[in-house]
Amino acid sequence: MIKTEIASLMNEQGKVFEWAQKVERKMEMNSEDKDISSVIDAWAKDIGTKGIDNDLEISNFLVKVVNPEVYDVPDELLESLFDRGSIGEFDDFKTTENPKNTLVAYDAAKGGTVDKSYIDNIASNPIWKHKQVETEVSYADLRRNGFKSIANLTVFAEEALKNKMFFDIFSIIDTAIAGGEQLINAGGAMPTAAALDQLALYLIDRGENPMTVSLSKYAQSIAKMSGQASLMSDAMKDKYNRYGLVDFYNGVRIGTISGAKRTGDNQLLLPDKRIFGVAGKIGTLDMRGAVRVYETMDNKREVVELKITGFEYGVAINKIDKIAKIVLT
């Protein structure tokens, strides 16, 4: 009966993960959430008591719940930066760099000839990253905390994978911006109006719906800049008064990443001392394969060993001119 009820719950897209988030964040639960807790609590405690999971239900649970969250659920920021796709485990892809217009017009006599000029289309290989998490849950924890153990494991696995992907992507973007007018040195610990104006002009000239992406402490600094309040609508002023943040600066949308969010090894999701600017989609982000979870019951140590693997993604930036950054000191 327990197996049947859990299988039925997992077939409803996003329902069990939403429940897990409510448990982990100690949010108010409705009657359906409480029913899910009851079913999973009995199931988890049964495994923790018997030390048996012959059908690998924990690993199957994680695959069924976590996999759609890390592969299929849209992320607003990443969707705005990349064309998204999904390919098979053993597939690959290439993108074509956006060529600069290097065709040259010469003075020529009618019917005469001039030197040829060419457009260079360069194939760009993606940077592939593969992430894996290994952990264990004790039988005692399953008996003591029941559904809470399963909920925390589910949410933390999803966060560990997605946060690391986010960190990798912006590290790749950071490395890609190596110099030229795309690299703006602000010369201080916080952004200046001059640096932001330079960034805004660069972005507006190169694409629609430009935006910045930075840690919240820098976004808040932008909001406090002299003269910014006079340009705000009443709704923006209300948001600033409540949160210290603004939506736009000189026509550029302000994207904020919380400085409190970190990877499991305590890294910020964005490189610090950076304000990134993006003018539209900059490339391709493809997911490869699917998450796999391997489970081993260790009765000598009384733990369930779990290996969460197969989370793989490729990043190819083929519109390098659409990104820029402010570097702080």
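Computed over all pairs of different Cα atoms, the Kirkwood value for the hydrodynamic radius of the stretch 20-175 is 20.4 Å. Shape call for the stretch 28-93 from the C-alpha gyration tensor, a ≥ b ≥ c root eigenvalues: rounded (a/c under 1.5), prolate (a/b greater than b/c) or oblate? Here the stretch 28-93 falls in the oblate category. The residues of the chain expose on average 53 square angstrom of accessible surface per residue, using a 1.4 Å probe on protein heavy atoms. Assuming R0 = 56 Å, what is the FRET efficiency of Lys15 and Ala194, from their Cβ-Cβ distance, to the nearest 0.05? Once the sixth-power term is evaluated, E becomes 0.65.
For the chain, the relative contact order works out to 27 percent when only alpha carbon pairs closer than 8 Å and six or more residues apart are counted. Helix 15-24 against the longest principal axis of the chain: what's the angle in degrees, Cα atoms only, rounded to the nearest 10? The angle comes out near 80 degrees.
The label point for Asn250 and the one for Tyr71, both projected 7 Å from the Cα toward the Cβ, are 4.4 nm apart.
Going by a ≥ b ≥ c, the root eigenvalues of the Cα gyration tensor, does the stretch 249-301 fall in the rounded group (a/c under 1.5), the prolate group (a/b larger than b/c) or the oblate group? Oblate, since a/c reaches 1.5 and b/c is not below a/b.
Classify the stretch 172-211 as rounded, prolate or oblate from the Cα gyration tensor: take a ≥ b ≥ c as the square roots of its eigenvalues, call it rounded if a/c is under 1.5, otherwise prolate when a/b beats b/c and oblate if not.
Numbers: a/c = 1.90, a/b = 1.11, b/c = 1.71.
Oblate, since a/c reaches 1.5 and b/c is not below a/b.
Specify the angular offset, from 0 to 90 degrees and rounded to the nearest 10, of the alpha carbon long axis of helix 57-71 from the longest principal axis of the alpha carbons in the chain. Long axis of 57-71 versus the principal axis of the chain: about 20 degrees. Could you tell me the calculated FRET efficiency between Arg143 and Ile172, based on Cβ-Cβ distance and R0 = 41 angstrom, to the nearest 0.05? Step by step, r from the Cβ atoms, then E = 0.40.
Here the chain yields Rg over Rh of 1.08, to two decimals, using C-alpha coordinates and the Kirkwood radius.
The apolar share of the surface of the stretch 141-181, taken as the fraction of accessible area on carbon and sulfur atoms (1.4 Å probe, ligands and nucleic acids excluded), comes to 52 percent.
The values are calculated or read from the model by the stated rules, or taken from the named source; none is laboratory data. Computed from a predicted model, the values in this text were never measured in an experiment. Cβ atoms come from the backbone with ideal geometry, glycine included; neighbour counts cover every protein chain shown. Keep in mind that these areas ignore ligands, DNA and RNA; they rest on the heavy atoms of the full protein, side chains included. Shrake-Rupley method; radii C 1.70, N 1.55, O 1.52, S 1.80 Å.
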